[in-house]
Every structure is written in C-alpha cells, then in structure tokens.
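These notes are about the structure you will find just below.
The values are calculated or read from the model by the stated rules, or taken from the named source; none is laboratory data. Computed from a prediction, not measured in an experiment: that's the story for all the values here. Reconstructed Cβ throughout: ideal geometry from the backbone, glycine too, with neighbour counts over all protein chains shown.
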Amino acid sequence: MRDKGLAELSEGVDDLYRTNIQIREVNALNACLAIIRFKQLRGFYFEEIPYFHLLLEIGDLKIVGESEV
C-alpha cells in the first residue's frame with residue numbers, strides 16, 4: 001500500500017492540525033451542530049426559541065444564540 005503513494009507519510013511544516021489539536025474536535029462538533037440546526041429548520045426537531053445565530057464558547061462549553069424575535 002505504501003508503494004502506491006495514496007497518502008502522505010510525513011507531516012507538513014505548516015500542518016495546522018499538529019499545532020492545534022482541538023481543531024478536529026471543533027470541526028466535528030460544528031458539523032454535528034449544523035446537522036441539528038438543519039433538522040430544526042426542516043421540523044424534525046422542535047425548537048422552543050428559533051435562533052438564527054449560535055456561538056459556542058469552547059472555554060466553558062456554553063452555547064449562546066440570537067433569536068429571530
């Protein structure tokens with residue numbers, strides 16, 4: 001498999017994932033929140049307060065939102 005060269009075997013000097021390991025987790029969390037929000041907009045999940053903008057504070061894992069009302 002290594003002879004085929006399908007994947008790099010060394011890390012790049014400017015590899016952002018090496019310098020900040022939280023990026024992978026934050027990207028995964030962002031994808032999950034986007035799917036949940038999409039399902040809310042389509043009526044799959046109930047939302048008590050319709051938010052149009054959400055922010056996640058990583059330091060204390062708090063989600064802050066701005067409602068449409």
Looking only at the stretch 42-58, which residues are within 21 Å of Ala31 (Cβ to Cβ) and in contact with a strand residue (DSSP E or B) (Cβ under 9 Å, 6 or more places away or on another chain)? Tyr51, Phe52, His53, Leu54, Leu55, Leu56, Glu57
Is there any pair linking a residue in the stretch 46-69 that is free of Cβ contacts under 8 Å to residues at least 60 places away in the same chain to one that is surrounded by 10 or more Cβ atoms within 10 Å (Cβ to Cβ) and of a type in the set (Val, Ile, Thr), with Cβ under 6 Å and at least six apart or on different chains, and which? Leu54/Ile63; Leu55/Val64; Leu56/Ile63
Check the stretch 44-60 and report whether any residue there is in contact with a Lys or Arg (Cβ under 8 Å, 6 or more places away or on another chain), surrounded by 10 or more Cβ atoms within 10 Å (Cβ to Cβ), at pLDDT 75 or above and assigned to a loop (DSSP other than H, G, I, E, B). yes
